[in-house]
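Read-outs throughout are calculated quantities, based only on the coordinates presented, and are distinct from any laboratory measurement. Predicted model only: the values in this text are computed from it and were never measured. Ideal geometry is used to build each Cβ from the backbone, glycine not excepted, and the neighbour counts take in all protein chains shown.
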Amino acid sequence: MDIEQFWKLIASSRKGFDPNRRDGNMEEQCEELKTLLLKLPPAEIVDFRNHLLARMNAAFHWDLWGAAYIIASGCSDDGFADFRSWLVSMGRRVFEDAVSNPQSLIDVADAPGVEDVFFAEFSEVPARAYAELTGHELPPYTAHPPVAPAGEKWSQDEGNLQQRFPKLWARYQRG
């Protein structure tokens, strides 16, 4: 599976997305993705998982963590993994726009039909599909994830996040 096929599967998994639905879009996407993955040979499910984790690693950046922190009024280490899973689940355009400009999420994070910006379940779908298809666990991911986020670290000090992400700060600051 190449990266184009990966993004096509993500787009197809979103086909049931309903902007008028306040709840259920995430569950629907997980079910659709699992259905799509179950049609593939096991090796392609592994490839899909590898592309997913590679995208999540590419998004392991302080700027995106800062954006998540502002949007959600806080974001732990685990929360940031769930945020990056959500970011991939939103599709190629949203993902690439956010990686190049985290403030682009201002048009995405609270758009109609978006339930949450944390989506751990999405990154778990390949393992569930692989297990259902083969009766085994996915083989280990062999690429080494980054040990620290890329980019310049932000702080919670007065004004730091506000200066770095003024649009997001203006939209999501609660207080």
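Values for this structure:
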item	result
Unique match (being under 24 Å from LYS34 (Cβ atoms) and either touching a Leu at 6+ places or on another chain (Cβ under 7 Å) or in contact (Cβ under 8 Å) with a residue 24 or more places away in the chain (or both)) among ALA120, ALA131, ALA150	ALA120
For SER89: the one exception among (1) touching a residue at least 40 places away in the same chain (Cβ under 8 Å); (2) farther than 27 Å from THR142 by Cβ; (3) among the hydroxyl-bearing types (Ser, Thr, Tyr)	(2)
Subset tally (residues that are in contact with a helix residue (DSSP H, G or I) (Cβ under 6 Å, 6 or more places away or on another chain) and within 14 Å of ILE70 (Cβ to Cβ)) for segment 98-117	9
Those helices (runs of 4 or more DSSP H) lying entirely in segment 1-68 with at least 1 residues within 23 Å of VAL108 (Cα to Cα) and of a type in the set (Asp, Glu)	3-13, 25-37
Index of the failed condition, GLY74 passing every other in (1) farther than 19 Å from ALA129 by Cβ; (2) in a helix (DSSP H, G or I); (3) without any contact (Cβ under 8 Å) to a residue 24 or more places away in the chain	(2)
Qualifying residue in segment 82-92 (condition: in a helix (DSSP H, G or I), among the hydroxyl-bearing types (Ser, Thr, Tyr) and at negative phi)	yes
Filtered residue count, segment 119-146, keeping only those that are surrounded by fewer than 20 Cβ atoms within 10 Å (Cβ to Cβ) and in contact with a Phe, Trp or Tyr (Cβ under 6 Å, 6 or more places away or on another chain)	2
Residue list for segment 145-159, filter: over 14 Å from LEU52 (Cα atoms), in a loop (DSSP other than H, G, I, E, B) and within 19 Å of the chain's Cα centre (by Cα)	PRO146, VAL147, ALA148, PRO149, GLY151
Residue match in segment 92-109 (condition: surrounded by fewer than 16 Cβ atoms within 10 Å (Cβ to Cβ) and in contact (Cβ under 8 Å) with a residue 24 or more places away in the chain)	no
